[in-house]
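Written out below as structure tokens is the structure these notes cover.
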Amino acid sequence: MNISAMWPVLRSTIVAAYSFNEIKTLAGDAGFAVHKLGHLQQRSGFRSSTKGQLMDGLDNLFSDLSEPDQDRVICNIVHDIWTQREHVRDQLSGLLERVGWGITDGEPHPLELQVDVEIAALPDEERKLVSKSLARYRQGDFDGAVTAICSVVDSLTERIYQQERLQNHRTDSYQQRVNRAFCSQKQVIVQSLTDGGFSYDESQKTWQNLQGAINQAAYVLGAFRREISDVHGASKASHHVVQRALDAAVFIVRSLFS
């Protein structure tokens, strides 16, 4: 998972989206030692520095960083571009895909991990947990990634328990939490089916089957939580396991937010 491969493709986005002084600020906030480039300044006259010269200087600073520092700087820059320049998000995503990386809510992750959920629609706490999962995956901490994925669903179900005044969230099993939270949404879901043209009988049958699918997905995710996550100590989870856990979680999250 070579994060440093992102740096060359980021340069064009940075140059196009930021002014000379903004690039310095972006680099400094990301962790570059920009004081070493103090001699590069934009001023009137023939001694004025260009964006190209500034980026060349950042290239040299980047190459001098250790691998962990390169990872940290890259992640900070990607996150800041994503949050500061919404109009270049598509361009940024396309460039990162060329070197095998995706981006979800400002968090870069290898393209091998597919995240098919609208993160922006989630509450802040759950968004942070998704970001934590992606960061842990990127770092090779697959057990920790599964833990964070499971925590997303756990946090959402607890929120629904509180909103719907359900039983004690702590006393129910992981699978029961998902089921109770989902069943509390039955009226809304069935009504949406009816409004969509389903007959009464078909809307009821569809609900029953959907409930069964949620129950099975909850068991699957709960099994990952018991057997793979780092809650009970590290295991030897592979990145394929993380994807399976994420797929189950995404299905549950989408269903809870229907």
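Quick notes on this structure:
- Some residue of segment 186-205 being polar (S, T, N, Q) and within 27 Å of the chain's Cα centre (by Cα): no
- Only one of the listed residues (GLU97, GLU86, GLU67) is within 18 Å of the chain's Cα centre (by Cα) and at pLDDT below 90. That residue is GLU97.
- Tally of residues being under 25 Å from THR83 (Cβ atoms) and part of a loop (DSSP other than H, G, I, E, B) across segment 18-41: 5
- VAL15 farther than 22 Å from SER131 by Cβ and either touching a helix residue (DSSP H, G or I) at 6+ places or on another chain (Cβ under 8 Å) or not in a helix (DSSP H, G or I) (or both): yes
- Consider segment 1-47 and keep the residues that are of a type in the set (A, V, I, L, M, F, W, C) and farther than 21 Å from LEU92 by Cα. The one that is surrounded by the fewest Cβ atoms within 10 Å (Cβ to Cβ) is PHE46.
- Filtered residues of segment 48-63 (kept if assigned to a loop (DSSP other than H, G, I, E, B) and under 31 Å from the mean Cα position of the chain (by Cα)): none
- Annotation note: of ASP90, ASP80, the sole residue that is without any contact (Cβ under 8 Å) to a residue 24 or more places away in the chain, in a helix (DSSP H, G or I) and charged (D, E, K, R) is ASP90.
- Residues that are polar (S, T, N, Q) and in contact with a helix residue (DSSP H, G or I) (Cβ under 8 Å, 6 or more places away or on another chain), drawn from segment 192-226: THR194, SER203, GLN204, THR206, GLN211, ASN215
- Taking segment 239-258 as the range and being within 18 Å of ARG138 (Cα to Cα) and small (Gly, Ala, Ser) as the test, only ALA245 passes.
- Some residue of segment 40-48 being of a type in the set (Gly, Ala, Ser), out of contact with any Ser or Thr (no Cβ under 7 Å at 6 or more places or on another chain) and modelled with pLDDT of 90 or more: no
- Test: VAL178 is buried (at least 18 other Cβ atoms within 10 Å of the Cβ), at pLDDT 85 or above and either in contact with an Asp or Glu (Cβ under 8 Å, 6 or more places away or on another chain) or under 17 Å from LEU129 (Cβ atoms) (or both): yes
- The single condition among (1) modelled with pLDDT under 85; (2) farther than 26 Å from VAL78 by Cβ that VAL115 does not meet is (2).
The values are calculated or read from the model by the stated rules, or taken from the named source; none is laboratory data. Quantities reported herein were computed from a predicted structural model and do not represent experimental measurements. Glycine gets a Cβ as well: all are built from the backbone with ideal geometry, and neighbour counts include every protein chain shown.
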